[in-house]
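Asker: Below is the structure I would like to discuss, written out as structure tokens.
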Amino acid sequence: GTAPVMLSVNNLNAWYAESKVLHGVSFDLREGELLTLIGRNGAGKTTTLRSIMGLLRKRTGSIRFKNEELIGRRTFEIARKGIAYCPEERAIFSSLSVRENLLLPPVLQPGGMSEDELLATFPNLKARASSQGTKLSGGEQQMLAIARILRNGSRLLLLDEPSEGLAPVVVQEIRDLILKIKEKGYTILLVEQNLRFARRVADRHVVIENGKVADILTAAELEKSADRIKTYLGV
Ligand code: ATP
């Protein structure tokens, strides 16, 4: 593609205490692109997202967002630059209603979706707007977790395994939703174990193995080696 690079990760190393888990991870993400991080359990996918977001403080190398260095920055500073993170555990407020969950986080940048736009994009949530978080299905919780980060104006979304633990039909709904968001021009870095899900939505795939980048494949290249990748991922 010819779109400018939005995020550039170069020779990223990261540690949990004394344990080094990322060893020189490098990849670029262009504006409007959807890139997946795929790999086995424990390969370092979540750690890569957490490092970008500054949730893991001990990291070296370079992470440039729109040409600004993020290494050394705190999470709140990184969020204010326009990067939003949706963790695997979803972290919605179960005692609050859907609408309250949507409206609670601060708007950090201009250009986020309005409440009306959000409810139009997520019709399931519109129907549940006054329901309490605890009353939602897993799929609805996941939708809410994604909807919530679209209000704050961030244009780069880090999504950790949105399909995790959901029934196949719900996984399809989430997939369609992510494609809808991509069409609105968002740039997305998606951690995904579900290869079927990943290959339907992504432009390119970064294969992470033992904290390193084993391969970077275009969607077409992944299709050619899908069987090998499936065996490799153990799915
Ligand atoms: P998964 O889908 O299982 O989360 P992953 O590819 O996202 O896999 P990470 O969660 O990034 O993998 O984990 C990378 C490595 O870091 C693993 O060896 C894991 O055991 C280790 N690790 C993860 N979280 C911690 C932590 N809080 N403290 C110490 N080590 C951790």
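The values are calculated or read from the model by the stated rules, or taken from the named source; none is laboratory data. Keep in mind that this is a model prediction, so the values were computed, not measured. Quick reminder, even Gly has a Cβ in these numbers, built from the backbone with ideal geometry, and neighbours come from all protein chains shown. Protein only, heavy atoms only, side chains kept; ligands, DNA and RNA dropped before computing areas. Shrake-Rupley method; radii C 1.70, N 1.55, O 1.52, S 1.80 Å.
Asker: Tell me, yes or no, whether the range 76-83 has at least one residue that is within 16 Å of the ligand (Cβ to nearest atom) and either touching a residue at least 24 places away in the same chain (Cβ under 8 Å) or not small (Gly, Ala, Ser) (or both).
Answerer: Within the range 76-83, not a single residue is within 16 Å of the ligand (Cβ to nearest atom) and either touching a residue at least 24 places away in the same chain (Cβ under 8 Å) or not small (Gly, Ala, Ser) (or both).
Asker: Out of the residues in the range 1-36 that are of a type in the set (Ser, Thr, Tyr) and within 15 Å of the ligand (Cβ to nearest atom), state the one that is most open to solvent (accessible area, probe 1.4 Å).
Answerer: Keep residues of the range 1-36 that are of a type in the set (Ser, Thr, Tyr), which gives 2, 8, 16, 19, 26, 36.
After this cut, where a residue has to be within 15 Å of the ligand (Cβ to nearest atom) as well, the list is 16, 19, 36.
Values: 16: 96, 19: 61, 36: 0 Å².
Ranking the candidates gives 16 first.
Asker: Right, here's the next one. Count, please, the residues in the range 114-137 that happen to be open to solvent by 50 Å² or more (accessible area, probe 1.4 Å) and either within 16 Å of the ligand (Cβ to nearest atom) or farther than 23 Å from residue 192 by Cβ (or both).
Answerer: Looking only at that region, the number is 13.
Asker: Among 54, 44, 39, which is under 17 Å from residue 202 (Cα atoms), within 16 Å of the ligand (Cβ to nearest atom) and of a type outside the set (A, V, I, L, M, F, W, C)? Even if it seems obvious, please write down each step before you answer.
Answerer: Values: 54 fails: under 17 Å from residue 202 (Cα atoms); 44 fails: under 17 Å from residue 202 (Cα atoms).
From the options 54, 44, 39, the qualifying one is 39.
Asker: Let me ask something else. Return the only residue of 140, 221, 164 being assigned to a loop (DSSP other than H, G, I, E, B), open to solvent by 10 Å² or more (accessible area, probe 1.4 Å) and either of a type in the set (D, E, K, R) or closer than 23 Å to residue 104 by Cβ (or both).
Answerer: Testing whether each residue is assigned to a loop (DSSP other than H, G, I, E, B), open to solvent by 10 Å² or more (accessible area, probe 1.4 Å) and either of a type in the set (D, E, K, R) or closer than 23 Å to residue 104 by Cβ (or both) leaves just 164.
Asker: Check residue 87 against each of (1) modelled with pLDDT of 95 or more; (2) under 18 Å from the mean Cα position of the chain (by Cα); (3) within 13 Å of the ligand (Cβ to nearest atom) and name the one condition it does not meet.
Answerer: Tallying (1) modelled with pLDDT of 95 or more; (2) under 18 Å from the mean Cα position of the chain (by Cα); (3) within 13 Å of the ligand (Cβ to nearest atom), residue 87 fails exactly one: (1).
Asker: Quickly run through the range 143-161 and pick out the residues that are of a type in the set (Asp, Glu) and assigned to a helix (DSSP H, G or I).
Answerer: Step one: of the range 143-161, the residues of a type in the set (Asp, Glu) are 160-161.
Listed by number, the list is empty, since nothing qualifies.
Asker: Right, something else. Looking at 63, 78, 83 in this structure, which one is out of contact with any strand residue (DSSP E or B) (no Cβ under 6 Å at 6 or more places or on another chain), open to solvent by less than 30 Å² (accessible area, probe 1.4 Å) and over 23 Å from residue 165 (Cβ atoms)?
Answerer: Answer to the selection: 78.
Asker: Residue by residue through the range 169-194, note down the ones that are outside any helix (DSSP H, G or I), within 17 Å of residue 120 (Cβ to Cβ) and open to solvent by 50 Å² or more (accessible area, probe 1.4 Å).
Answerer: 184
Asker: Which numbered condition trips up residue 111, out of (1) more than 16 Å from the ligand (Cβ to nearest atom); (2) open to solvent by less than 50 Å² (accessible area, probe 1.4 Å)?
Answerer: (2)
Asker: Determine the pairs where a residue that is within 16 Å of the ligand (Cβ to nearest atom), located within the range 147-168, has a partner that is open to solvent by 30 Å² or more (accessible area, probe 1.4 Å) and part of a strand (DSSP E or B) with Cβ atoms under 6 Å apart, the partner being 6 or more residues away or on another chain.
Answerer: Partner pairs satisfying both residue conditions: 158/85.
Asker: How many residues are within 15 Å of the chain's Cα centre (by Cα) and either part of a strand (DSSP E or B) or over 11 Å from residue 36 (Cα atoms) (or both) if we restrict to the range 195-206?
Answerer: Summing the residues that are within 15 Å of the chain's Cα centre (by Cα) and either part of a strand (DSSP E or B) or over 11 Å from residue 36 (Cα atoms) (or both) in the range 195-206 gives 3.
Asker: Hey, any hits in the range 54-73 for a residue that's touching a residue at least 40 places away in the same chain (Cβ under 8 Å), over 18 Å from the mean Cα position of the chain (by Cα) and closer than 19 Å to residue 141 by Cβ?
Answerer: no
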